[in-house]
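To start, the structure itself, in structure tokens.
The values are calculated or read from the model by the stated rules, or taken from the named source; none is laboratory data. Keep in mind that this is a model prediction, so the values were computed, not measured. For neighbour counting, all protein chains shown are included, and Cβ atoms are generated from backbone atoms with ideal geometry for every residue, glycine included.
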């Protein structure tokens, strides 16, 4: 893991306990994606955080894996979903065998990876672990978010930091790459995934993806 990605881990280890308390409920976009899926053997949540979407995936899968780079967040997930299999791991180097996963969510995590190379590598990893018929939902903050003054038709996004405020008013900067929708399409196209559908919702790009056929 390069230094910048190590910073992501250290950031979420620092804020993980407090962050987890603010992430109680599943996102409706994730619930809708999972509701539309058939019953599966194995599901995966990349960047699982405190396990809130692991719980959602358990409605459709016999077994759910959760992967996160932060041990602090995995500790919270262990308490919330003790029957899930939770792994410490990097989104760009998933500790999972190829072609094993039927259903996956990769939400609110891609935008924390500090380079385009790392982001596309993580999408390639998602493609690698998915079964040939598998589907995944990938999300990232978008230039359409109302907190950003960016052109809606921008071709490229931008890097920024967003501060997290801990009890006691300490602030911790978090890296984000804010995706233009056209750029999101481009990065998926540059990976081993195919984009089935793209939706802009609640200021995020949501892409339904599948492995590129070989």
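Being in a loop (DSSP other than H, G, I, E, B), at pLDDT 95 or above and on the phi > 0 side of the Ramachandran plot is the requirement here; does residue 99 meet it? Yes: the conditions hold for residue 99. One residue stands out among those in the stretch 145-169 that are assigned to a loop (DSSP other than H, G, I, E, B) and in contact with a helix residue (DSSP H, G or I) (Cβ under 7 Å, 6 or more places away or on another chain): the one that is surrounded by the most Cβ atoms within 10 Å (Cβ to Cβ), which is 157. Residue 8: modelled with pLDDT of 95 or more, in contact with a strand residue (DSSP E or B) (Cβ under 8 Å, 6 or more places away or on another chain) and not in a loop (DSSP other than H, G, I, E, B), yes or no? So residue 8 does not fit the description; no.
Just for the stretch 81-97: of the residues that are in contact with a helix residue (DSSP H, G or I) (Cβ under 9 Å, 6 or more places away or on another chain) and free of Cβ contacts under 8 Å to residues at least 24 places away in the same chain, which one is nearest to residue 42 (Cα to Cα)? Among them, the one singled out is 87. When you look at residue 186, is it without any contact (Cβ under 8 Å) to a residue 24 or more places away in the chain, over 16 Å from the mean Cα position of the chain (by Cα) and either more than 25 Å from residue 39 (Cα to Cα) or not in a strand (DSSP E or B) (or both), yes or no? Criteria met by residue 186.
Of all residues in the stretch 190-209, those that are in a strand (DSSP E or B) and touching a residue at least 24 places away in the same chain (Cβ under 8 Å) total 11.
Being within 28 Å of residue 39 (Cβ to Cβ) and in contact with a helix residue (DSSP H, G or I) (Cβ under 8 Å, 6 or more places away or on another chain) is a description that does not apply to residue 172.
Checking the stretch 120-127 against the condition returns no match, with no residue being touching a residue at least 60 places away in the same chain (Cβ under 8 Å), in a strand (DSSP E or B) and touching a helix residue (DSSP H, G or I) at 6+ places or on another chain (Cβ under 9 Å).
Would you mind finding the one in 104, 144, 136, 127 that is within 22 Å of residue 196 (Cβ to Cβ), modelled with pLDDT under 95 and in contact with a strand residue (DSSP E or B) (Cβ under 8 Å, 6 or more places away or on another chain)? Checking each option against the conditions leaves just 144.
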